Amino acid sequence: MCLCGLEDFGNAPYGGKSAFTQLEHNIVAGYLITAGVISLASNIVVLLMFVKFKELRTPTNFIIINLAFTDIGVAGIGYPMSAASDIHGSWKFGYAGCQIYAALNIFFGMASIGLLTVVAIDRYLSICRPHIGEKMTVRSYSLLILAAWLNAVFWCSMPIVGWAGYAPDPTGATCTINWRQNDASFISYTMAVIAVNFVVPLCVMFYCYYSVSITVRRYKASNCLDCINMDWSDQMDVTKMSIVMIVMFLVAWSPYSMVCLWASFSDPKTIPAPMAIIAPLFAKSSTFYNPCIYVIANKKFRRAITGMIRCQTRQRITINTQVPMTISQQPLTQ
């Protein structure tokens with residue numbers, strides 16, 4: 001991508017000259033439109049699946065429902081505004097629109113990371129600490145989910161009240177954390193966000209899924225998988241999916257974290273323009289691969305989706321398994 005004029009992007013006004021050509025803007029717009037359509041369609045299917053099959057409305061799956069809402073939020077609000085600005089060639093929604101757009105993207109992004117961490121904790125408790133998992137109630141899950149949302153509210157609102165700030169990125173067609181102004185406020189905010197919303201969740205997820213993998217192998221080796229009240233029919237899928245979760249988490253958020261760290265400890269003007277735009281696009285990509293990892297990979301969900309596609313009735317589809325259920329697997333209606 002063209003780097004001409006990049007040295008001036010930090011001072012460009014809203015709607016000013018972009019560091020990219022119109023062709024490059026159109027390419028980004030095409031990506032955003034495609035990704036947005038795929039994300040909205042897949043996540044709406046997820047929600048419809050939960051609406052149709054009450055057997056899937058368990059406390060654990062309620063986390064997945066919230067995760068789908070974060071993806072829909074980014075795809076339904078963030079993608080269209082950014083795509084429209086790319087087609088226009090520069091940010092077209094003014095200062096207020098920039099603040100709202102950036103805050104909502106940070107909000108849904110932080111909420112998504114928090115909910116992924118809650119999923120990891122739930123699976124860890126259910127598989128590795130079943131004596132604790134059995135004590136989890138709907139209220140317990142609701143508090144964990146609420147904590148993820150409140151954490152997102154806090155971090156997205158801080159730049160609005162003066163801790164760091166929001167501004168257009170080098171393309172001039174989207175808004176994000178103003179990492180080009182690497183003062184003490186930005187550095188402290190960036191370090192706090194990376195620590196609380198990247199390093200800590202990553203460590204928690206790695207520990208949880210590693211423990212799950214070890215536990216599954218131990219029970220499988222001792223032929224005692226039925227000792228835990230869970231559906232073990234797709235136990236290998238759970239282990240493989242755990243690895244994919246960690247890898248995709250890193251793929252999505254590492255580039256954005258690297259850009260922020262680069263801007264914090266070096267001259268922001270030395271950041272290549274392609275990296276400046278690819279990093280946030282990678283972070284947003286989780287909106288359309290999340291349904292594949294958290295829904296399609298689950299055999300119960302696959303049966304439900306297949307049934308919806310074939311227009312089958314609930315009575316003709318077997319969702320529940322024939323094993324005892326912990327509280328995390330019992331429908332919320334019970």
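The values are calculated or read from the model by the stated rules, or taken from the named source; none is laboratory data. Note that the structure is a prediction, hence the values are computed from the model and not measured. Note that each Cβ is placed from the backbone with ideal geometry, even for glycine, and that neighbours are counted across all protein chains shown.
Could you say whether any residue in the stretch 276-285 is at pLDDT 75 or above, outside any helix (DSSP H, G or I) and not charged (D, E, K, R)? Yes, the stretch 276-285 contains at least one residue that is at pLDDT 75 or above, outside any helix (DSSP H, G or I) and not charged (D, E, K, R). Picking from residues in the stretch 183-210 that are within 17 Å of SER266 (Cα to Cα), surrounded by fewer than 19 Cβ atoms within 10 Å (Cβ to Cβ) and not aliphatic (A, V, I, L, M), the one that is modelled with the highest pLDDT is SER188.
Of the residues screened, SER126 is one that is modelled with pLDDT under 90 and out of contact with any strand residue (DSSP E or B) (no Cβ under 9 Å at 6 or more places or on another chain). Out of curiosity, is ALA263 in contact with a Ser or Thr (Cβ under 8 Å, 6 or more places away or on another chain), modelled with pLDDT under 75 and closer than 30 Å to ASP86 by Cβ? So ALA263 fails the test. Elements of the type helices (runs of 4 or more DSSP H) sitting completely within the stretch 119-210 and holding at least 3 residues that are among the hydroxyl-bearing types (Ser, Thr, Tyr): these cover 138-161, 184-194. Restricting the stretch 70-93 to residues that are crowded, with 19+ Cβ neighbours inside 10 Å and aromatic (Phe, Trp, Tyr) leaves a set whose member that is modelled with the lowest pLDDT is TRP91. Could you check, for the stretch 234-250, whether at least one of its residues is under 18 Å from LEU261 (Cα atoms), modelled with pLDDT of 70 or more and surrounded by fewer than 16 Cβ atoms within 10 Å (Cβ to Cβ)? Yes, that holds for at least one residue. For the stretch 134-175, a tally of residues being farther than 23 Å from ASN66 by Cα and among the hydroxyl-bearing types (Ser, Thr, Tyr) returns 3.
Looking at CYS292, is it surrounded by fewer than 20 Cβ atoms within 10 Å (Cβ to Cβ), modelled with pLDDT of 65 or more, of a type outside the set (Ser, Thr, Tyr) and on the phi > 0 side of the Ramachandran plot? No; evaluated as a whole, the condition is false for this residue. ILE113 meets the conditions (1) modelled with pLDDT of 85 or more; (2) among the β-branched types (Val, Ile, Thr); (3) surrounded by fewer than 24 Cβ atoms within 10 Å (Cβ to Cβ) in every case but one. The failed one is (3).
Applying the condition of being part of a helix (DSSP H, G or I) and at pLDDT below 60 to the stretch 301-317 and asking which residue is surrounded by the most Cβ atoms within 10 Å (Cβ to Cβ) yields ARG314.
When LEU143 is tested against (1) under 30 Å from TRP91 (Cα atoms); (2) modelled with pLDDT of 85 or more, exactly one condition is not met: (1).
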